[in-house]
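Worksheet for the structure shown next.
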Amino acid sequence: LRIILVGFGTVGQSLARIIHKDRERIVDDYGFDPQITTIVDSRGYCQDKNGLDLAAALEAKERLGTVAKYPEKGRRRPTASRIISTSEGEVVVESTPSNFKDGEPGLSNIKQALTTGKHVVTVNKGPLALAMPALLELANHKKLQLRFSGTVGGGTPFLSFASKCLPGEKILGVHGVLNGTTNYILTRMENSSLGFQAALREAQMKGYAETDSSNDVQGFDTAAKIVIIANLIINRRLNLHDVEITGISKVTPQSLRDAKASGAKIKLIGRISESKATVKPEEISATDPICVPDTLNALTFSTEHAGNVTLIGKGAGGEQTGSAILRDLVDIRGRYTI
Ligand SMILES: NC(=O)c1ccc[n+]([C@@H]2O[C@H](COP(=O)([O-])OP(=O)(O)OC[C@H]3O[C@@H](n4cnc5c(N)ncnc54)[C@H](OP(=O)(O)O)[C@@H]3O)[C@@H](O)[C@H]2O)c1
């Protein structure tokens, strides 16, 4: 299975480490050999049709800042989408930054991959948040797989749990905590009385929040995940513009204390009900299983017959998300004799 890996940051490098370390086990357990043949970052790419030496690619990235400096086989640009169209490979893994304004560069990369006959595994939420129905249709039309396990829940299989463990059930609604950064901030504001800005700075210092954490704090990251769940699990053709979104920047330590006094907590909740999709701070009973602390995620599926079913786990992290990509690759390989 030849893989074109686009984006070589936290997640892309984690995937390379996992494949480098576990190749023998993957071959033994699943009967296929994942070969990363092309890696692209923002400054260039490296390519070897027989499979790149992943230790050398990781070293070039760490020491020299770009895979373009991979020994002999590294090159400066062209753009990722041109490399995708001209390179051989069965699967494109898209792990460039999530952009919720126009979905780029991920949107063009995914379209280019599908139109040139390649399956896609994406961890990038931007293209799905803005154009998931159209992308699924394109993949379907081309008889290719578009997989995205790592976009919701990192390594915790929220999406496949619902699609594989609850078949036959009617899922009436979904709600939960889907963003670790904001959950950490609210937990710290509640437990230590820090104000919003101080809690955000602490989350940034600990590496839980990015320098530009606006997508998390303003609720766009949670809303993107709600869109993905709605399209995949509830068959609702939503995009980001259909979600009512309120972030957490106006939550105060006093409102958290008031909630606590009445046995509740304020959480940033993504919710799909029968009539609408919302992301906003909500008071939730402290005994509700979705009231998870720190960076944890939790999602409740409200089903017609089984009642509420809740899954809890880590929502992000490079290694966890890399393992979700591997799950998708195994699945694609299992469905197709490539
Ligand atoms: N980190 C997590 O825990 C996590 C969990 C779930 C989903 N995700 C999603 O996974 C994606 C990647 O996250 P990350 O944490 O790995 O981000 P990251 O560390 O910022 O890495 C992004 C990578 O994309 C590359 N890139 C940016 N613009 C590009 C372009 N125009 N062409 C080619 N490459 C480009 C960057 O190149 P340079 O290295 O040259 O800057 C970098 O290698 C995001 O969409 C994120 O939302 C992340």
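Based on this model, can you work out whether I19 counts as open to solvent by less than 20 Å² (accessible area, probe 1.4 Å), touching a strand residue (DSSP E or B) at 6+ places or on another chain (Cβ under 7 Å), near the ligand (Cβ under 9 Å from one of its atoms) and part of a helix (DSSP H, G or I)?
Details: open to solvent by less than 20 Å² (accessible area, probe 1.4 Å): yes; touching a strand residue (DSSP E or B) at 6+ places or on another chain (Cβ under 7 Å): yes; near the ligand (Cβ under 9 Å from one of its atoms): no; part of a helix (DSSP H, G or I): yes.
No: the conditions fail for I19.
When A224 is tested against (1) in contact with a Leu (Cβ under 9 Å, 6 or more places away or on another chain); (2) open to solvent by 30 Å² or more (accessible area, probe 1.4 Å), just one condition goes unmet, and that condition is (2). Reported count of residues in the stretch 99-140, each being within 12 Å of the ligand (Cβ to nearest atom), more than 25 Å from R335 (Cα to Cα) and assigned to a helix (DSSP H, G or I), is 3. Among the residues of the stretch 234-256, the ones that are in contact with a helix residue (DSSP H, G or I) (Cβ under 6 Å, 6 or more places away or on another chain) and either open to solvent by less than 40 Å² (accessible area, probe 1.4 Å) or among the aromatic types (F, W, Y) (or both) come to 7 in all. Kindly indicate whether any position in the stretch 25-32 is in contact with a strand residue (DSSP E or B) (Cβ under 9 Å, 6 or more places away or on another chain) and surrounded by fewer than 24 Cβ atoms within 10 Å (Cβ to Cβ). Checking the stretch 25-32: not a single residue is in contact with a strand residue (DSSP E or B) (Cβ under 9 Å, 6 or more places away or on another chain) and surrounded by fewer than 24 Cβ atoms within 10 Å (Cβ to Cβ).
A quick yes/no check of all residues on (1) modelled with pLDDT of 95 or more; (2) away from the ligand (no atom under 13 Å from the Cβ):
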residue	(1), (2)
D28	no, yes
D33	no, yes
D41	yes, no
C46	yes, no
L54	yes, yes
K61	yes, no
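Which pairs turn up if I take residues in the stretch 212-237 that are in contact (Cβ under 8 Å) with a residue 40 or more places away in the chain and look for partners that are assigned to a loop (DSSP other than H, G, I, E, B) and open to solvent by 50 Å² or more (accessible area, probe 1.4 Å) with beta carbon separation below 6 Å, at least 6 apart in sequence or on another chain? Cβ pairs passing all conditions: A230/R236.
Search the stretch 184-205 for residues being touching a residue at least 12 places away in the same chain (Cβ under 8 Å) and open to solvent by 60 Å² or more (accessible area, probe 1.4 Å), and hand back the single one that is farthest from A298 (Cα to Cα). Looking at the filtered set, the residue picked out is S193.
Could you check, for the stretch 70-84, whether at least one of its residues is in a helix (DSSP H, G or I) and open to solvent by 40 Å² or more (accessible area, probe 1.4 Å)? Yes; the residues of the stretch 70-84 include at least one that is in a helix (DSSP H, G or I) and open to solvent by 40 Å² or more (accessible area, probe 1.4 Å). Could you grab the pairs with beta carbons closer than 6 Å, sequence gap of 6+ or different chains, first residue in the stretch 100-121 and farther than 17 Å from T151 by Cβ, second one polar (S, T, N, Q) and within 11 Å of the ligand (Cβ to nearest atom)? Pairs that qualify, where the first residue is farther than 17 Å from T151 by Cβ and the partner is polar (S, T, N, Q) and within 11 Å of the ligand (Cβ to nearest atom), are S108/S81; Q112/S81.
How many residues does the stretch 278-316 contain that are closer than 14 Å to F158 by Cα and crowded, with 16+ Cβ neighbours inside 10 Å? Final tally of qualifying residues: 15.
Tally up the residues in the stretch 165-183 that are in contact with a Phe, Trp or Tyr (Cβ under 7 Å, 6 or more places away or on another chain), open to solvent by 10 Å² or more (accessible area, probe 1.4 Å) and under 30 Å from K260 (Cα atoms), please. Can you show your working first?
Of the stretch 165-183, the ones in contact with a Phe, Trp or Tyr (Cβ under 7 Å, 6 or more places away or on another chain) are 166, 171, 174, 180-181.
Pick out the ones that are also open to solvent by 10 Å² or more (accessible area, probe 1.4 Å) and you get 166, 171, 180-181.
So of that shortlist, the ones also under 30 Å from K260 (Cα atoms) come out as 180-181.
Looking only at that region, the number is 2.
The values are calculated or read from the model by the stated rules, or taken from the named source; none is laboratory data. Quick caveat: nothing in here was measured; it's all calculated off a predicted structure. All Cβ positions, even for glycine, are placed from backbone atoms using ideal geometry, and neighbour counts span all protein chains on display. Only protein heavy atoms, including side chains, enter the accessible area calculation; ligands, DNA and RNA are left aside. Shrake-Rupley method; radii C 1.70, N 1.55, O 1.52, S 1.80 Å.
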